[in-house]
Amino acid sequence: MKKTAGILLLCGILLLMLSVISCGTRRGEKKLEVFSWWTAGGEAEGLEALRKIFVAQNPNVEFINATVAGGAGSNAQAVLATRMQGGSPPDTFQVHAGRELIDSWVAAGAMEPLNFLFEKNNWMSVYPQGLIDIISYKGKIYSVPVNIHRSNVLWYNKAVFKKYNLKPPETLDDFFNVADTLANNGITPLALGDNGIWAATHLFENILLGALGPEKYQGLWTGKVRWDSADVRSALSAFVRVLDYINSDHAALSWDGAAQYVIDGKCAMTIMGDWAHGFFKAKGLKPGVDYGWIPSPGTKGSFNMLSDSFGLPKNAPHRDIAIKWLTVCGSREGQDAFNPIKGSIPARTDADRSLYDKYSLSAMNDFQSDIIVPSCTHGAAASQSWVTKIHDVMSIFVAERNVDKADNEFQELATRFIKK
Ligand code: GAL
């Protein structure tokens, strides 16, 4: 009897102590929840590099790495929307600079302006004005870009190209020639991993860019160029032709699965953003030795850009700590640790170029000299609602390959989403 009472008393005391400790931690809670979709090779390591810097500067903060797997935010964005609508935002989240940031979150009044941070850290002079413009709304700045990615890159397996004596294709005609040689030798020419459909839209936006050229491509997002024009129709037809050269399991594969097919020599090429460069490096490949790159067919001179940024939602549970994270994201040290691993180039213009490899240096140079156009799939050109509808049309188009139908549906979407 006595023994049981003693044990009960002890349990009671322990429970009391535990509740005191947990109340204590809740009150002085030092946590940071960073929400992103960086889980694949290269992405995860890049995020880890940023985390390390943050943790070294803030050793008493518990870092919560809240990732939702699925390239291009294909799953994360829905989870984020649910949390934001339910009033439980993370402390900070990954968001594409441009329409995705502005139309989904800023115009809805869900974000805090960050001008104070840009002023405090003198960032106005180190970020390109064009980038500041697309993260601004009514004169205020709303996120901290950590990088610039290029969407229009064709990556190829150098050993396979050498074996068949092939040159990386500069035009779509070159592409079809190269693809025929590869197919005749039993190699699937182009790897696509469009599980979640976005990688198909990604491929299409770059075929569009090649077919239309940068000015007309830009016009698609402003209403100056119609989607039911002859140019877009021919891009759609070219896309259908390209689909004849892809792996049959594409719908079950992710973007990194497709990049792995290129590493394995199962496929010879893939058209993907330069996070593929981060992926190849994370897998131990040497840029320029094991794999090569070229602007996707017909897009030389254009830089199809997107930028990952982090924002500060209103009512962030740990606002002060989130600001410290944003400070790391905007710092030269943070960007120079993150980008060489991620495959992107820094958003800041004052990077230490000695830290970057051959590919990244070429991307930096092209970003200076090329015509910059915004990526659709990655939130720069169009609102998330519009892009989601484009993906819906794309899902059916990839299956049915009906150019007339897709063409009309894309035009209907443009009419609906472009605000006059
Ligand atoms: C993009 C994002 C990149 C990369 C890619 C694949 O949308 O901007 O950082 O992570 O998705 O997940």
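The values are calculated or read from the model by the stated rules, or taken from the named source; none is laboratory data. Worth saying up front: this structure is predicted, and the values here are computed from it rather than measured. Don't worry about glycine lacking a Cβ; one is built from the backbone with ideal geometry, like all the others, and counts go over all protein chains shown. These area figures cover heavy atoms from the full protein model, side chains too; ligands, DNA and RNA do not enter into them. Shrake-Rupley method; radii C 1.70, N 1.55, O 1.52, S 1.80 Å.
Before moving on, here are some points about what is shown:
- When Ser344, Ser354 are checked against the criterion of being out of contact with any Ser or Thr (no Cβ under 7 Å at 6 or more places or on another chain) and within 16 Å of the ligand (Cβ to nearest atom), Ser344 stands alone in meeting it.
- Count of residues meeting criterion [open to solvent by 60 Å² or more (accessible area, probe 1.4 Å) and within 16 Å of the ligand (Cβ to nearest atom)] in the range 53-68: 1
- In the range 205-222, the residues that are open to solvent by less than 30 Å² (accessible area, probe 1.4 Å) and more than 23 Å from the chain's Cα centre (by Cα): Leu212
- Residue check for Ile345: assigned by TED's automatic domain parsing to the domain that holds Glu215, in contact with a helix residue (DSSP H, G or I) (Cβ under 7 Å, 6 or more places away or on another chain) and buried (at least 22 other Cβ atoms within 10 Å of the Cβ): no
- Residue among Ser104, Ser88, Ser74 that alone is assigned by TED's automatic domain parsing to the domain that holds Pro340 and farther than 26 Å from Lys140 by Cβ: Ser74
- Taking the criterion of being surrounded by fewer than 23 Cβ atoms within 10 Å (Cβ to Cβ) and part of a helix (DSSP H, G or I), the residues of the range 166-178 that qualify are Leu172, Asp173, Asp174, Phe176, Asn177.
- Residue count for the range 39-52 under the criterion of being near the ligand (Cβ under 10 Å from one of its atoms) and either touching a strand residue (DSSP E or B) at 6+ places or on another chain (Cβ under 6 Å) or of a type outside the set (A, V, I, L, M, F, W, C) (or both): the result is 4.
Residue-wise test of (1) in a helix (DSSP H, G or I); (2) within 16 Å of the ligand (Cβ to nearest atom); (3) of a type in the set (A, V, I, L, M).
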| position | (1), (2), (3) |
| --- | --- |
| Ala200 | yes, yes, yes |
| Leu209 | yes, no, yes |
| Trp221 | yes, no, no |
| Val240 | yes, no, yes |
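- For the range 91-98, the count of residues that are free of Cβ contacts under 8 Å to residues at least 24 places away in the same chain, farther than 21 Å from Trp275 by Cα and of a type outside the set (Ser, Thr, Tyr) is zero.
- Filtered residue count, the range 179-197, keeping only those that are part of a helix (DSSP H, G or I) and open to solvent by less than 10 Å² (accessible area, probe 1.4 Å): 2
- Pick from the range 141-165, criterion open to solvent by 10 Å² or more (accessible area, probe 1.4 Å) and without any contact (Cβ under 8 Å) to a residue 40 or more places away in the chain, ranking: nearest to His277 (Cα to Cα): Lys162
- Strands (runs of 3 or more DSSP E) completely within the range 268-352 that count 3 or more residues being under 26 Å from Leu209 (Cβ atoms): 291-295, 302-306
- Within the range 258-267, the presence of at least one residue that is closer than 20 Å to Trp37 by Cα and surrounded by 24 or more Cβ atoms within 10 Å (Cβ to Cβ) is confirmed.
- Test: residue in the range 108-128 that is β-branched (Val, Ile, Thr), assigned to a loop (DSSP other than H, G, I, E, B) and open to solvent by 10 Å² or more (accessible area, probe 1.4 Å): yes
- Residue within the range 269-282 that is open to solvent by 10 Å² or more (accessible area, probe 1.4 Å), assigned by TED's automatic domain parsing to the domain that holds Lys163 and free of Cβ contacts under 8 Å to residues at least 24 places away in the same chain present: no
- Scanning the range 29-52 for residues that are of a type in the set (Val, Ile, Thr) and either within 18 Å of Gly278 (Cα to Cα) or surrounded by fewer than 17 Cβ atoms within 10 Å (Cβ to Cβ) (or both) yields a total of 1.
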